[in-house]
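See below for the structure under consideration.
The values are calculated or read from the model by the stated rules, or taken from the named source; none is laboratory data. Everything quoted here is computed from the prediction, not taken from an experiment. Every residue, glycine as well, gets a Cβ built from its backbone with ideal geometry; the counts of neighbours run over all protein chains shown. Note: areas computed on protein heavy atoms with side chains; ligands, DNA, RNA excluded. Shrake-Rupley method; radii C 1.70, N 1.55, O 1.52, S 1.80 Å.
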Amino acid sequence: MKSKHVIIRTRSAGVFAGELDNLKDNTAELKNARRLWYWDGAATLSQLSVEGTKKPGNCKFPCKVPSVILPEVIEVLPLSDAARASIDGVPVWSA
């Protein structure tokens, strides 16, 4: 899956979308990653990875970070082009 756009769910760090740079054992490195803190308009991460969100204004996705190391990966879902565009289109959320 190297250099693919994915959603990664971890045991304790949450959910991220980004470009998979490396996956070894259960640790991943994502580039240009956004934490998917809260989403609406998709029932599951599986649906989000295929269809994107139907309610981008209700989602809470902070800004992208250049790189993040994610230990304890428990799920990797490839992003469709439509889902990637949808996630990228969610306004940056900040407190």
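Below, the figures for the structure above:
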{"quantity": "Label assignment, Kirkwood radius over Cα pairs in Å derived from the structure, set [x] 12.9; [y] 13.6; [z] 19.3", "calculated": "[x]"}
{"quantity": "Listed residues THR53, THR27 arranged by accessible area, highest first, probe 1.4 Å", "calculated": "THR27, THR53"}
{"quantity": "Those aspartates and glutamates that a straight Cα-Cα span of less than 16 Å connects to LYS31, excepting residues fewer than 8 apart in one chain", "calculated": "GLU19, ASP21, ASP88"}
{"quantity": "Net charge over other residues, Cβ less than 14 angstrom from the Cβ of ALA33 (K, R count +1; D, E count -1)", "calculated": "+3"}
{"quantity": "Solvent-accessible surface (1.4 angstrom probe) belonging to LYS4, in square angstrom, nearest 10", "calculated": "110 Å²"}
{"quantity": "In the stretch 1-73, the chymotrypsin sites (Phe, Trp or Tyr not before Pro) that fall in loop regions by DSSP, at most 16 other Cβ within 10 Å", "calculated": "TRP37"}
{"quantity": "Surface share of carbon and sulfur [accessible, 1.4 angstrom probe, percent] for the stretch 24-95", "calculated": "54 percent"}
{"quantity": "Selected from ASN22, CYS63, PRO78, residue furthest toward positive end of dipole (the chain; charges at beta carbon)", "calculated": "CYS63"}
{"quantity": "Cβ-based net charge around ALA95, under 15 Å, with every Lys or Arg adding one and every Asp or Glu removing one", "calculated": "+2"}
